[in-house]
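As structure tokens, the structure follows; a few thoughts come after it.
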Amino acid sequence: MVFDHHGTVEITADLLNGKGRATEVVRYADIVTFTCLKAFAFDQRFERKDAHDLIYCIENLEGGVGAAQSAFAAALTGPHANAIREALTRLAVRFRDPNPDESYLRDGPVAVASFEDDEADVSADPDLLNARILRQRHAAEVMADFLAPFEI
């Protein structure tokens, strides 16, 4: 998938120890590949940072959620459609609840919020608890918005 869905950037930098200046073309996973890999990783190993990275990248991609949706819509017409659809399904399981009002309680949004507050003890501080719940709700909303057009 990464051979078909990647971007490139040209970087020029001075080498260490006076060895001159070099320019290299660096390839990186685009939003489709990155999101799919992170979706599978979060689903299998449940690292809170994976959930955070998913929301962060979808939310902060140039063009926002709409740009991510457009990239996925185009990719779903290509040779990796089955793997991409499976990744979207796993995201839906982790971030969306049958009752949309309770999606913030799914393990995806909880992992995002607990990663960002470094697993603060929210039982002792109502303000921390409220901040965590707000972040969980926001993470769930971002993912719901992203997944909406894909009928997952």
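The values are calculated or read from the model by the stated rules, or taken from the named source; none is laboratory data. Here the structure is a predicted model, which means the values were calculated and not measured. Heads up, the Cβs are rebuilt from the backbone with ideal geometry, glycines too, and the neighbour counts pull from every protein chain shown.
Listing for the model above:
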item: Residue that is surrounded by fewer than 20 Cβ atoms within 10 Å (Cβ to Cβ) and either touching a strand residue (DSSP E or B) at 6+ places or on another chain (Cβ under 9 Å) or under 17 Å from Asp145 (Cβ atoms) (or both), where the choices are Leu128, Leu105, Leu134; result: Leu134
item: Residues of the range 44-56 classified as more than 12 Å from Leu91 (Cβ to Cβ) and in a helix (DSSP H, G or I), total; result: 7
item: Given (1) free of Cβ contacts under 8 Å to residues at least 24 places away in the same chain; (2) in a helix (DSSP H, G or I); (3) not β-branched (Val, Ile, Thr), index of the condition Arg85 fails; result: (1)
item: Check on Ser114, among the hydroxyl-bearing types (Ser, Thr, Tyr), part of a helix (DSSP H, G or I), surrounded by 15 or more Cβ atoms within 10 Å (Cβ to Cβ) and in contact (Cβ under 8 Å) with a residue 60 or more places away in the chain; result: yes
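This table checks each residue for (1) modelled with pLDDT of 95 or more; (2) over 30 Å from Phe115 (Cα atoms); (3) over 17 Å from the mean Cα position of the chain (by Cα).
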{"site": "Phe3", "(1), (2), (3)": "no, yes, yes"}
{"site": "His6", "(1), (2), (3)": "no, no, no"}
{"site": "Ile11", "(1), (2), (3)": "yes, yes, yes"}
{"site": "Leu15", "(1), (2), (3)": "yes, yes, yes"}
{"site": "Val26", "(1), (2), (3)": "yes, no, yes"}
{"site": "Arg45", "(1), (2), (3)": "yes, no, no"}
{"site": "Ala68", "(1), (2), (3)": "yes, no, no"}
{"site": "Gly78", "(1), (2), (3)": "yes, yes, yes"}
{"site": "Arg85", "(1), (2), (3)": "yes, no, no"}
